[in-house]
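Everything on this sheet refers to the single structure shown next.
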Amino acid sequence: MNDEIDCSLIKSIWIVSREFNHIAEAGGVKNVVCSMAVNLQKIGVKTTVFIPLYKCTDLSAVSDFKKLDFSSEIKVDGEVHKVEYASALYDDVKIIFVMSKIFSSKRAVYVYTDEDAKENPEFVKGTGHKDSFHMNSLFQQAVLYYGYNSETCPALIHCHDAATSLVPVFARNVFPFVRFFASTKFVVTIHNAGPGYLQSFPNIEFAHRITNLPENVLKKGRSFYSDSSVEPFLLASYYSHLTTVSPWYAEELYDTSNQFCLLARDFAQSGTRIEGITNGIDYDSYDPKNKAVSLLETTFSPCDGDFEGKKELRQKFFARINSCPGKIQNLECCGNFSKIDDKTICFVYQGRMVSQKGVEIFSDVADRMLAENRNVCFLVHGQGQEYIEKIQEELAIKYMGRYVYIKGFDRALARNCVASADFLVLPSIFEPCCLEDFIAQIYGTIPIAHAVGGLNKIINGETGFTYSNNTSSNLYISMLRASEILQGEPEKIREIQIFAANTVKEKYSWASIIRDKFLPYYKKILID
């Protein structure tokens with residue numbers, strides 16, 4: 001088989017990430033890294049994942065945890081940090097934990113928690129760690145020191161997002177890595193290059209202090225959009241191959257008119273090649289026919305046209321919401337569904353409460369539709385920016401009986417929210433890939449989305465509904481159209497549900513993405 005030929009070229013691969021599903025969870029990167037590692041290992045690629053060991057790390061998901069008998073001393077910003085290592089197994093994937101005090105004190109991967117804020121008034125809940133640059137620099141160098149100290153050198157190192165994108169820069173410019181990793185190839189995946197996701201150093205002097213990289217190297221990271229900042233993705237482009245999480249987002253990364261890609265002019269003028277490969281999903285991890293993995297309260301199968309369990313799920317889940325005023329599974333719950341019936345159309349938003357996700361646009365449309373007394377209801381689950389959370393609470397009070405906001409995050413609750421609704425609303429201002437549309441489609445919930453970035457994988461009228469120009473008016477029109485089709489042409493909705501679920505299962509499984517996209521891409525890199 002060609003797969004075996006491709007795999008034979010990749011003798012070993014390291015995957016470097018600040019997060020990993022079930023072990024150190026944060027954003028969507030965790031799912032990608034976990035699924036990629038597991039599926040590569042399954043087809044015979046020796047795969048090792050590197051992540052820090054945080055205070056919030058969950059070791060219950062791994063086995064054979066053991067501390068290794070060597071350590072490293074790494075200087076960051078004038079301070080020498082002792083780094084130790086431990087190994088473990090996750091589903092046959094080798095996990096290397098990078099251990100240092102700077103990581104072990106963190107209650108969340110990237111941001112401060114409520115508990116942090118109570119202990120120190122300088123720490124604001126939801127904001128990034130003040131020593132994030134130090135953490136990134138230490139972690140990236142520690143990965144390379146692991147290889148040097150253990151005399152282990154992979155064929156390929158695949159780094160995920162800006163927090164790990166300097167690994168190839170260190171490897172190509174710092175003794176003793178230059179010679180040791182001379183034959184190793186590097187890939188850096190851009191999961192999000194929007195404002196707030198770049199991990200930008202404010203200036204060269206600061207970048208040099210933190211990384212100790214030569215200033216002539218750091219100058220390569222100077223961007224057109226800023227006279228002073230140093231951009232990790234730009235630096236990485238000189239020493240590695242770049243990918244991103246969908247072909248549509250790859251196009252947007254070259255669009256100089258796109259205000260949400262600050263590096264577009266740099267990428268466009270330098271001719272940097274960015275390969276867009278759409279993220280996959282492990283269907284079996286969400287299969288609604290299996291409650292043990294889906295975490296749903298009932299079973300059903302949109303792929304097979306079986307929706308009886310979906311109806312039952314909605315009844316049970318909404319009854320549970322109504323029976324637990326103020327709380328559900330230890331999360332705050334504002335509002336209830338006391339004023340709806342079996343014909344009420346349910347729209348859901350599930351995800352982070354941040355401006356990027358267009359939650360304010362969603363809220364405007366919800367307010368309008370409910371004020372018009374349409375037979376609709378809204379279910380919201382998530383956490384994030386406090387002012388957006390406040391808007392949800394106010395809507396739940398204003399439209400008591402038809403609007404519910406569950407504040408926080410719980411995996412089982414999130415899935416039951418999505419599965420119990422008719423439509424999932426995704427009005428993202430920018431969206432590199434997205435996983436929520438896949439999850440919704442697996443559960444027979446039809447996405448309504450702004451056609452941007454990775455949300456373009458939704459086929460309008462066939463696997464969901466999309467609209468252009470992300471305004472409240474355009475989202476309103478799209479949601480109204482979808483609800484009218486559900487009321488007047490339910491058979492059309494059923495066709496979309498079945499086709500969408502099967503499309504995700506057959507076209508976007510991680511096994512298919514690895515086989516058809518990543519293995520040929522890795523092969524091309526390794527034989528260049």
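Read the figures in this text as sums done on the coordinates, not as results from a lab. Keep in mind it's a predicted model, so treat the numbers as computed, not measured. Because the Cβ atoms are built from the backbone with ideal geometry, glycine has one as well, and the counts that use them run over all protein chains shown.
Take every pair of alpha-carbon atoms less than 8 Å apart whose residues are at least six positions apart; their mean separation over the length of the range 283-506 yields a relative contact order of 21 percent.
Ordering VAL359, PHE409, VAL49 by Cα displacement along the dipole of the chain toward the positive end leaves VAL49 in first place; charges were set at the Cβ atoms of Lys, Arg (+1) and Asp, Glu (-1). Return the whole-Å distance between the Cα centroid of the range 36-106 and the Cα centroid of the range 310-383. With the range 36-106 and the range 310-383 each reduced to a Cα centre, they are spaced 39 Å. The DSSP beta bridges internal to the chain are antiparallel in roughly 35% of cases. Taking a sphere under 12 Å around the Cβ of GLU231 and counting the other residues whose Cβ falls inside, with K and R at +1 and D and E at -1, yields a net charge of +3. Within the straight-line cut-off of under 17 Å between alpha carbons, the lysines reachable from LYS291 are LYS310, LYS311, LYS316, sequence neighbours fewer than 8 places apart in one chain being disregarded.
Can you compute log10 of I(q)/I(0) for the range 383-461 with the Debye formula, treating each Cα as one identical point scatterer, at q = 0.14, 0.15, 0.27 Å⁻¹? Evaluating at q = 0.14, 0.15, 0.27 Å⁻¹ gives log10 I(q)/I(0) of -0.54, -0.63, -1.27. Every helix of 4 or more DSSP H residues in the chain counts as -39500 (n - 2.57), and over all residues that averages to -11000 deg cm²/dmol at 222 nm. Computed from the C-alpha gyration tensor, the three semi-axes of the ellipsoid equivalent to the range 164-281 are 23, 19, 11 Å, from longest to shortest. For GLU332 and ASN120, the FRET efficiency from 1/(1 + (r/R0)^6), where r spans their Cβ atoms and R0 equals 30 Å, is about 0.80. Here's the picture: charge each Lys and Arg Cβ at +1 and each Asp and Glu Cβ at -1 in the chain, and of HIS191, ILE525, SER478 the one pushed furthest to the positive end of that dipole is ILE525. Taking a Cβ cut-off of under 12 Å around LYS390, the surrounding Lys, Arg, Asp and Glu residues balance to a net charge of -4, with basic ones at +1 and acidic ones at -1. Please go through the residue pairs LYS42/LYS523; LYS357/LYS524; LYS82/LYS125; LYS67/LYS185 and name each one whose alpha carbons sit more than 24 Å apart in this structure. From LYS42/LYS523; LYS357/LYS524; LYS82/LYS125; LYS67/LYS185, over 24 Å: LYS357/LYS524; LYS82/LYS125; LYS67/LYS185. For CYS346, the residues whose modelled amide H falls within less than 5 Å of its own, excluding neighbours fewer than 5 places apart on the same chain, are CYS377, ASP422, PHE423. For the range 247-343, count the residues as N, evaluate 2.2 N^0.38 Å, and divide the Cα radius of gyration by that value, please. Rg over 2.2 N^0.38 Å, computed on Cα atoms: 1.76.
Taking a ≥ b ≥ c as the square roots of the eigenvalues of the alpha-carbon gyration tensor, the range 280-332 is classed oblate because a/c is 1.5 or more while a/b is no larger than b/c.
In the range 283-506, the C-alpha radius of gyration followed by the widest Cα-Cα span (Dmax) gives 15.7, 43 angstrom. By the rule of a C-alpha distance below 17 Å, with chain neighbours fewer than 8 residues away ignored, the aspartates and glutamates paired with LYS130 are ASP77, GLU79, ASP114, GLU115, ASP116, GLU119, GLU122. Proximity of backbone amide H atoms, modeled 1.01 Å from N, is registered between ILE328 and CYS333 at under 5 Å, excluding neighbours fewer than 5 places apart on the same chain.
Given +1 at the Cβ of Lys and Arg, -1 at the Cβ of Asp and Glu and no other charges, the dipole of the chain around its Cα centre is 540 debye to the nearest 20. Can you pull the Kirkwood radius for the chain, inverse mean 1/r over Cα pairs, to one decimal in Å? Over the chain, the inverse of the mean reciprocal pair distance is 24.1 Å. Extending 7 Å from the Cα toward the beta-carbon at both PHE224 and ALA26 defines two label points whose distance is 2.9 nm.
Taking Cβ atoms as reference points and 9 Å as the exclusive limit, the residues near SER17 contribute a net charge of 0, counting Lys and Arg as +1 and Asp and Glu as -1.
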